[in-house]
Amino acid sequence: MGIYMLFAGILFLAYAFCASLLLIIGLIVESRGLKIVGAIALAPVVAIILFFVIVVEIGQHHSNDPSWVFEQEFGTPPPREVTALRGHATGMNNTGWVYLSFSAPPEVIDALVSNLMAPTSPKELPLLRRPPTSRDRPPIWWNPPAVPPAKMYMARQVRQLCDACGIIEILYYDPATHVAYFGRL
């Protein structure tokens, strides 16, 4: 998939360059026809760029809303028993690393992990998909407890976004304090 994206990007840049060149030549030689053709040819480029700018802005806005991040990860809005909810996603439209912290009773945790996750231990964790960049590092408030005494759950299936980038989903839960930390790494 990566080589096709690279080819599409090069093709897009070549098209944008030619459309811009056509418009510039039309402006220099003061040809009304070349200006119109250049502007029409440049319109799809501008539309695509604007679309991606809007998508990125919307994605970044939602990525800082803890309720939205919770709902994206667990498929349900946060139950009323969930308190002290904090969340952050580092990528556009929640495709990057995700960090959640909240308090919840054991029944809520059991409901959240019942179909999606299985108990695990730190020894069973696969390698991270890539080392975190400074943008992907966890927020200061994301500090999962030690296992044990906390319980640890991992997603039953590793999500695949590309050929070599599996995503690990982990939930740490301390039954004594009722504090949970979820991370998609």
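The values are calculated or read from the model by the stated rules, or taken from the named source; none is laboratory data. The structure displayed is predicted, hence computed values, not measured ones. Heads up, the Cβs are rebuilt from the backbone with ideal geometry, glycines too, and the neighbour counts pull from every protein chain shown. Areas reflect the complete protein model, heavy atoms only, side chains present, ligands, DNA and RNA absent. Shrake-Rupley method; radii C 1.70, N 1.55, O 1.52, S 1.80 Å.
For the range 60-76: of the residues being exposed (fewer than 14 other Cβ atoms within 10 Å of the Cβ) and more than 20 Å from residue 155 (Cβ to Cβ), which is modelled with the lowest pLDDT?
Among them, the one singled out is 61.
When the residues of the range 153-170 are narrowed to those that are outside any strand (DSSP E or B) and either open to solvent by 70 Å² or more (accessible area, probe 1.4 Å) or farther than 22 Å from residue 103 by Cα (or both), which ends up modelled with the highest pLDDT?
Filtering first and then ranking leaves 156.
Check residue 36 against each of (1) modelled with pLDDT of 85 or more; (2) open to solvent by 70 Å² or more (accessible area, probe 1.4 Å); (3) over 30 Å from residue 15 (Cα atoms) and name the one condition it does not meet.
(3)
Residues that are touching a Cys at 6+ places or on another chain (Cβ under 8 Å), of a type outside the set (A, V, I, L, M), modelled with pLDDT under 75 and surrounded by fewer than 18 Cβ atoms within 10 Å (Cβ to Cβ): does the range 136-152 have at least one?
Taking every residue of the range 136-152 in turn, none turns out to be touching a Cys at 6+ places or on another chain (Cβ under 8 Å), of a type outside the set (A, V, I, L, M), modelled with pLDDT under 75 and surrounded by fewer than 18 Cβ atoms within 10 Å (Cβ to Cβ).
Determine, yes or no, whether residue 51 is free of Cβ contacts under 8 Å to residues at least 60 places away in the same chain, open to solvent by less than 90 Å² (accessible area, probe 1.4 Å) and of a type in the set (Phe, Trp, Tyr).
No; evaluated as a whole, the condition is false for this residue.
Can you name the number of the only condition in (1) closer than 30 Å to residue 150 by Cβ; (2) open to solvent by 80 Å² or more (accessible area, probe 1.4 Å); (3) at pLDDT 85 or above that residue 110 fails?
Failed condition: (3).
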